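One structure, pasted below without further comment.
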Amino acid sequence: MDTTLIVGLIAASLTTFAFLPQSLRAIKTKHTKDISLPMLLMLEFGVVVWIVYGSMISDIPLLAANIISFIFVTITLVLKLKYG
């Protein structure tokens, strides 16, 4: 496996799963008061742009990481809007 690909996969994994604890906590506690709505909206939009970019350059690791991130951020955003 190419070193560049390994570094990319490690970076993608870390940044993708960094949001998982926040999502799980929001699901468990239904408490989202301290989560910034503008931050979630900006992150959601940024992830969508990364997905578009990944599609344009056919980068599977980039696409996979950002699709997973999109799921986590969307769950947290929905909970924020619901429990605000």
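For the chain, which helices (runs of 4 or more DSSP H) that fit wholly inside it have 2 or more residues that are under 10 Å from the mean Cα position of the chain (by Cα) and polar (S, T, N, Q)? Can you show your working first?
Numbers: elements: 3-17, 20-29, 37-56, 60-83.
Ranges flagged: 3-17, 60-83.
How many of the residues in the range 3-28 are exposed (fewer than 14 other Cβ atoms within 10 Å of the Cβ), of a type in the set (S, T, N, Q) and within 19 Å of Ile75 (Cβ to Cβ)?
Of the residues in the range 3-28, 1 are exposed (fewer than 14 other Cβ atoms within 10 Å of the Cβ), of a type in the set (S, T, N, Q) and within 19 Å of Ile75 (Cβ to Cβ).
Something else now. If you check Phe70, Phe19, which single one turns out to be within 26 Å of Gly84 (Cβ to Cβ) and modelled with pLDDT under 90? Write out each step before concluding.
On the way: Phe70 fails: modelled with pLDDT under 90.
None of the others qualify; the one that does is Phe19.
Could you give me the residue pairs with C-beta distances under 7 Å whose first residue belongs to the range 59-84 and is open to solvent by 30 Å² or more (accessible area, probe 1.4 Å), whose second residue is aromatic (Phe, Trp, Tyr) and part of a helix (DSSP H, G or I) wherever it lies, and which are 6+ apart or on separate chains?
So the pair list comes out as Leu62/Trp50.
What are the residues in the range 20-39 that are in contact (Cβ under 8 Å) with a residue 40 or more places away in the chain and over 30 Å from Thr4 (Cα atoms), if any? Can you show your working first?
Initially, the range 20-39 is screened for residues in contact (Cβ under 8 Å) with a residue 40 or more places away in the chain, giving 20, 22-23, 26-27, 30-33, 35, 37.
Result: Ala26, Ile27, Lys30, His31, Thr32, Lys33, Ile35, Leu37.
The values are calculated or read from the model by the stated rules, or taken from the named source; none is laboratory data. Keep in mind that what you see is a predicted model, and the values were worked out from it rather than measured. Backbone-built Cβ (ideal geometry, glycine too); neighbour counts: all protein chains shown. Accessible surface areas use protein heavy atoms only, side chains included; no ligands, DNA or RNA. Shrake-Rupley method; radii C 1.70, N 1.55, O 1.52, S 1.80 Å.
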